[in-house]
Structures are given as C-alpha cells and as structure tokens.
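Read the structure below first, then the notes.
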Amino acid sequence: MALHSYSSKPMKKFNVGVVGYGWVATAHIPAINATSLAQVTAVCSSRPLDATELSRKYGSDITTYDSLDEMLANPELHAVSICSYPYQHTAQVIKAARAGKHIIIEKPLCLSLKDLRAMQAAIEKAKVKTCVCFECRYSSQFLVTKAVIDQGLLGELHYGEIDYYHGIGPWYGQFRWNTRKDAGGSALLTAGCHALDALLLCLGTDVEEVTSYDTKSRSKIFKPYEYKTSSVTILKFKSGRIGKCAAIVDCLQPYYFHTHLVGSHGSLLDNKFHSAKLKSNKNAWSTLSMKMLDSGEVSDHPYTTQFEAFFNALAAGKEMPLTSFGDAARTHEVIFAADKSAATGKPVRMTALK
C-alpha cells in the first residue's frame with residue numbers, strides 16, 4: 001500500500017509493526033521513528049510488554065500484541081519489521097506477504113536455500129516491497145568506497161577481499177542462541193554475510209564458482225558453538241574477477257571490517273587509497289574521510305539511512321535501491337554455495353544450486 005502526498009497536506013506516515021522485541025528491535029524502532037515517513041505503531045512479542053512504557057520510550061503510540069496473526073489483521077498497519085530469530089523468519093515473512101504488508105527483514109534472511117525460495121515465491125506473488133538489513137551498504141564506509149569505484153579511480157577491479165572479524169562470545173546477548181546450528185547457521189550466515197554482501201556490492205553478482213573452507217577456535221570461550229566459526233571463501237566471477245571473504249566470529253580482537261580492492265588504476269585499503277589517475281605519490285596512501293564500520297553494536301549501524309531510503313521508495317511505489325529482497329537473495333545464494341563447499345570439501349558452481 002503506497003501513501004500519497006498532496007501539495008496542501010503533509011504526507012501521512014507508514015505505520016510499522018515490529019515482530020520480536022530483542023536486541024536488534026531496540027535499534028530498528030528508534031531508527032524507523034527517526035525517518036521522515038514512518039513510525040512504529042505495533043510490537044509483537046512472546047514476552048509480555050507494557051504498551052504505555054514502550055510508547056513513552058520510543059515516542060510513538062505503540063500497541064502490543066502476542067499474536068502475529070492478530071497484528072497482521074490490523075488494516076492500519078502498512079509494513080512490518082522482522083526482528084525475530086533467524087529460524088522464525090521464513091514463516092513470518094510468508095504470513096506478512098500474504099497479509100499484504102511491506103517487509104523489513106533482519107539478516108540472515110533464513111538458514112536454507114529451500115526457505116529462501118519459499119520466501120521469494122510469497123513476496124513475488126503478493127507484490128509487496130522489501131528491505132533486507134544489509135545496512136552496511138548504507139554505511140559511510142561503503143557509500144564512499146562505492147563512489148571511489150564508480151568514479152573510476154581504481155580502474156577495472158580484478159581482485160577484492162572483504163573480511164569480517166568479530167568475536168561473538170558470551171559478552172553478547174545473542175550468544176545464548178547464536179551458538180546453535182539451527183539458529184546461527186554458520187560463520188557466514190550469522191554475521192559474516194555483511195562482508196560477503198559488501199564484496200558482491202564492489203565486485204558484482206556474477207559469481208560462477210565458490211570454494212570455501214571452515215574451522216573453529218580451540219578457545220574454551222567459543223566451545224558452545226555447534227558449528228565452525230571461522231571460514232574463508234574464494235569467489236570466481238564470470239567477469240574474470242576473483243574475491244575472498246573471511247568470516248571470523250571466534251576471534252579475540254577489536255571488531256574489524258577489512259576491505260582491500262585492487263584495480264587497473266589503483267587500490268583501496270579500508271579508508272586509504274592510491275590512484276594512478278591522480279598522479280599521487282605511489283609510495284604513500286591518500287586518506288578518505290569516512291566513518292568506519294568499527295563496531296558490532298546494532299546502535300552504531302546506519303539503519304536510519306537505510307530505512308529512509310526504503311520508505312522513500314515505498315512512497316514512490318518502487319523497489320528500494322541496494323538492499324531489496326532480490327539483492328539480498330543473491331548474497332544468500334552465494335552463502336549457501338559457500339557453506340555447501342565447506343561441508344563437502346569441493347567447489348560449488350552456482351548453476352548447481354537447486
């Protein structure tokens with residue numbers, strides 16, 4: 001449902017319902033309310049919530065629900081934000097699509113290719129608009145990085161590596177469920193997907209073949225994990241490019257989103273670059289002014305920028321740029337190929353995915 005504006009009247013806001021009230025929801029709600037076109041008016045949670053307290057905390061009039069079906073039946077609700085556990089996403093997204101609600105979905109979308117296809121079919125049939133929280137594409141770091149690429153300062157890229165280093169241990173609230181294979185999934189699915197998605201943003205989506213290996217820290221801290229928490233994935237593109245993505249969620253170090261891109265006219269390393277086109281000193285890096293992705297805290301992620309783009313696109317009746325379901329589905333397909341490669345010890349061609 002698109003909202004319409006008139007010159008004599010301000011545009012009404014989209015009413016958004018949040019599904020699940022955990023860590024990430026506490027970032028989604030203020031970010032949605034900070035946009036110019038949307039407000040959170042409902043929260044559905046299995047835990048008892050005080051509607052008055054939530055309304056006071058977030059500054060919008062919020063109704064609480066313990067039934068998703070009941071919340072989706074509200075005709076005044078235009079969109080939902082899925083902030084529940086990853087293994088709940090598929091059923092909830094399908095229900096929301098069938099109810100005609102536009103959908104924001106936290107990453108990962110789901111934990112299997114079968115579930116991805118089911119979500120895809122429901123969204124396409126309902127013709128609802130979508131936004132997937134690969135919000136790093138809207139970060140200062142990657143908006144600037146992509147601008148450098150698009151301006152041709154690096155020339156034609158032929159190699160890139162983008163890696164995710166973030167120790168997700170018991171000091172994070174999600175640790176209690178993230179350790180489970182049926183909840184976290186893999187190093188790539190649970191968090192490294194941000195880095196792989198950024199790699200596709202920079203190098204393209206024409207992945208031809210994927211090879212991946214995984215392992216696990218011997219630290220007692222990460223022993224509860226039921227899956228291997230470090231992986232490295234090599235991508236071969238139809239264009240001839242090659243890329244590498246490490247997903248390390250069992251490291252003991254500061255958060256680090258490593259980025260290194262190499263092209264025919266120059267290279268970019270995190271917030272530094274060299275371009276032969278600028279005839280600068282080839283023995284020194286030039287520094288780019290950007291806010292780095294240097295924290296795993298959801299409060300530091302650029303959700304408001306991403307959600308503003310989503311609701312602007314929604315008001316125009318268009319698919320949102322950069323992070324629609326279609327964009328994110330391709331990233332997940334590559335992740336599922338990578339996890340299959342790591343499990344079988346063999347390269348996986350994208351055409352072999354079923």
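A short reminder: the numbers here are calculations on the coordinates, not readings from a lab. Since the structure is predicted, the reported quantities are computational estimates derived from the model, not experimental observations. Neighbour counts run over all protein chains shown; Cβ positions are idealised from the backbone, glycine included.
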Distance in nm between label sites at Ala51 and Ser286, each 7 Å beyond Cα in the beta-carbon direction? 5.7
Comparing Thr211, Thr52, Thr41 in a Gaussian network model of the chain (Cα, 10 Å), the one with the largest mean-square fluctuation is Thr52
Cut-off 10 angstrom, C-alpha nodes, Gaussian network model of the chain. Which of Val249, Val144, Val80 fluctuates the most? Val144
With just the Cα atoms defining each centre, how far is region 166-213 from region 30-68? Give it in Å. 29
In Å and whole numbers, how far do the C-alpha atoms of the chain stretch along each principal axis, longest first? 58, 51, 38
Using alpha-carbon positions, what is the distance between the centroids of region 218-266 and region 304-345, in Å? 19
Please compute the volume of the convex hull spanned by the alpha-carbon atoms of region 14-128 and report it per residue in Å³. 91
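Net charge within 11 Å of Lys129 by Cβ-Cβ distance, Lys/Arg positive one each and Asp/Glu negative one each, not counting Lys129 itself?
Around Lys129, the charge tally is +2.
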So how much slack lies between Glu76 and Ala343, counting 0.36 nm per residue of separation and subtracting their Cα-Cα distance, in nm? 91.5 nm
Region 181-307: percent of C-alpha pairs farther apart than 17 Å? 67
Given the options Asn281, Asn178, Asn74, which has the most mean-square fluctuation in a GNM of the chain, springs set between C-alpha atoms less than 10 angstrom apart? Asn281
25 °C / 0.890 mPa s Stokes-Einstein diffusion coefficient of region 240-336, Kirkwood radius on C-alpha pairs, µm²/s: 145
Show log10 I(q)/I(0) for region 81-155 at q = 0.13 Å⁻¹, two decimals, from a solvent-free Debye sum over equal Cα scatterers. -0.49
